[in-house]
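To start, the structure under review is shown below, and the notes come after it.
The values are calculated or read from the model by the stated rules, or taken from the named source; none is laboratory data. On a predicted model such as this, the values are computed, not experimentally measured, just so you know. Ideal geometry is used to build each Cβ from the backbone, glycine not excepted, and the neighbour counts take in all protein chains shown. Quick note on the areas: whole protein, heavy atoms, side chains included, nothing else; ligands and nucleic acids left out. Shrake-Rupley method; radii C 1.70, N 1.55, O 1.52, S 1.80 Å.
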Amino acid sequence: MTAIGDPPTSPARRPHPLDVIAVGLALAGAACVATGLLPRADAAATLTRILPLLIFLGTVVVLAELTAAAGVFDVLATRLAQAARGRWTALFALCVGFAALTTIVLNLDTTAVLLTPVMLTLAVTLRTQVAPLAVTTVWLANTASLLLPVSNLTNLLASERIGLDPLGYLGLMWLPQLAAITVTAVLLWYFWWRRDSPPGGRFPPPQLHRPADPVLYRTALVACLLFVAAILLGAPVGLASAVATGLLLLGFLLRSPGTLRPALLPWRLLVFVTGLFLVIQTIGLHGLNDLVAWLAGDEGGTSGVLRAGGTGALLANLVNNLPAYLAGEAVLPTGDRQRLLALLVGTNIGPLALPWASLATLLWLERCRAARVRVPLARFLLTSTVLAVLGTLAAVGALLLTG
């Protein structure tokens, strides 16, 4: 395996497939509005609704990119390996916690994009199998994305629809989140970590990573803590991420201006999300909403909640989790909080059976490909399907207990 990182560019570089998809969706969305398939009033209302989400998504990815450039993830990864004291089981528990915490605080796409190369590098440094650490990253990127509104774009939409502040949302989702992480950890150990354990279950602890600029390192830590504190205190997510990102941008402007470049802005992600919203809204008006309404049903009680969760998971694996949530949200009554949250659980945890079911998984695959890391595909898809089913059932069951 070569060093972790993107392959060198060349003048004849072809557009990345995700770039093509993002631009194609944006053009399709614009065409829907231009042809009248999507009324302009509906499109304007949708764009107004998602603008704060786009501000959050754009700023939080820049925050995460600069946090990684400051060395925070590398320091934390080597500290985890040192804290494990050479024990494979301890490293497993710490990596699960690290990936879950990153997803909860900085959202699942951050985990997929930035934590993946850190975990891959850590595996190479420790001279252990790469697959367990790689799969830990992508599984927790999806299944640990329930606890806070900022953990997943779908959570922001759901909390807004139900009218919950971050603490109110956390009060409902802590038990489903705990259930999902527990199932993920058990299956990770059984399917991946136990099988690829080094001889004697021991590994050589690495040297601690030293950040190149301690001032930027501390500034990044402060910015991340500020972001988390602001969210928990109920600040608008876009404002919280923008302020934290602005602080870190100022630090880099003073200490390392060469790091700041236009490529830091995740234009592909922003264009993708905007186009996706418009296209799915159009398809919903012309038949998709009726299909989803039939799948979700209108029954209440335990069976209705389980059916909503299963509908979310099924649709997510067919068309991707974000349009699946949007389609389900459009047909569920606003006051039916339990079924709406069950749909959210299904679209967050369920999209693991197929690679295109979540953007985080696609981004993870891209990072693995850039690092020339191959995870056994058949084994990954089979075990991910087991997790999608059991994790969704466990989390929906926990949701029924929390009310």
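Here are the numbers:
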quantity	calculated
Length added when fully stretched, Trp356-Leu18, from 0.36 nm per residue minus Cα-Cα	120.6 nm
Candidates Val386, Val62, Val150, ranked by Gaussian network fluctuation over the chain, Cα under 10 Å, top entry	Val386
Residues of the stretch 268-297 with amide N under 12 Å of a point placed 7 Å along Cα→Cβ from Asp42	278-290
Three-way shape call for the stretch 167-270 based on the alpha-carbon gyration tensor, with the a/c threshold at 1.5	oblate
Net charge, Glu299 excluded, C-beta distance under 10 Å - Lys, Arg +1, Asp, Glu -1	+1
For the stretch 332-402: relative contact order, % (alpha-carbon pairs under 8 angstrom, 6 or more apart)	44
³J(HN,Hα), Karplus 6.51/-1.76/1.60, whole Hz, each residue of the stretch 328-337, x for Gly, Pro	x, 4, 5, 10, 8, x, 4, x, 8, 5
Heavy-atom accessible area per residue - the stretch 281-369, 1.4 Å, Å²	36
Accessible carbon and sulfur surface of the stretch 292-403 relative to its total accessible area, %, 1.4 Å	66
Formal net charge of residues neighbouring Thr311 (Cβ-Cβ distance under 15 Å; K, R +1; D, E -1)	-3
Residues of the stretch 195-217 with amide N under 19 Å of a point placed 7 Å along Cα→Cβ from Val124	204-212
Candidates Gln338, Gln177, Gln207, ranked by Gaussian network fluctuation over the chain, Cα under 10 Å, top entry	Gln207
Sequence of Asp213, Asp74 when ordered by accessible area, the most exposed leading, probe 1.4 angstrom	Asp74, Asp213
Net charge of Cβ neighbours under 13 Å - reference Leu122; Lys, Arg +1; Asp, Glu -1	+1
Cα gyration tensor, the stretch 136-214 - rounded (a/c under 1.5), prolate or oblate	oblate
With DNA, RNA and ligands ignored, accessible area of Ile55 (1.4 Å probe; Å², nearest 10)	80
Gyration tensor (alpha-carbon) shape descriptor, the stretch 45-103, a/c threshold 1.5	oblate
